[in-house]
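Here's the structure, in structure tokens; my notes come after.
The values are calculated or read from the model by the stated rules, or taken from the named source; none is laboratory data. The model shown is predicted, which means the values in this text are computed figures rather than measured ones. Here Cβ is always computed from backbone atoms with ideal geometry, including for glycine, and neighbour counts include all displayed protein chains. The accessibility values were calculated without ligands, DNA or RNA, using every heavy atom of the protein model including side chains. Shrake-Rupley method; radii C 1.70, N 1.55, O 1.52, S 1.80 Å.
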Amino acid sequence: MSINRFTTDDFRVLAYLYDMRAPDGKAYVTQQEVADYLQLNRATINKIIGELKSEGYIQLDGTHNGRYILTKQALSVIRVFKTIKQDERCCADE
């Protein structure tokens, strides 16, 4: 069984923003791009981004829409799940 079965849409959005980061650390994506990629509606993405922001996982770049900055808290969460996912692959090979 894959860890993906247990992750929420909130984490999927956060992980997508992480994967889309540019060298400057910002994710340059629109909510519609996130919605299309994750096959969710834009209203859901808007709600999740609002929650991630209010809970301190992301910050919005105040100069432009569609620029998201992941906080240290978000990076810690992502790293934990990526470690679990790597461990899962190792165990599957045994």
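Quick look at the numbers
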| read-out | value |
| --- | --- |
| Residue in region 60-68 that is outside any helix (DSSP H, G or I), open to solvent by 80 Å² or more (accessible area, probe 1.4 Å), modelled with pLDDT under 95 and acidic (D, E) present | no |
| Odd one out for N4, checked against (1) among the polar types (S, T, N, Q); (2) modelled with pLDDT under 90; (3) at positive phi | (3) |
| Looking only at region 14-33, and only at residues there that are touching a strand residue (DSSP E or B) at 6+ places or on another chain (Cβ under 9 Å) and of a type in the set (A, V, I, L, M, F, W, C), the one that is nearest to R79 (Cα to Cα) | L14 |
| Options Q39, Q86; residue that is of a type outside the set (D, E, K, R) and at pLDDT 95 or above | Q39 |
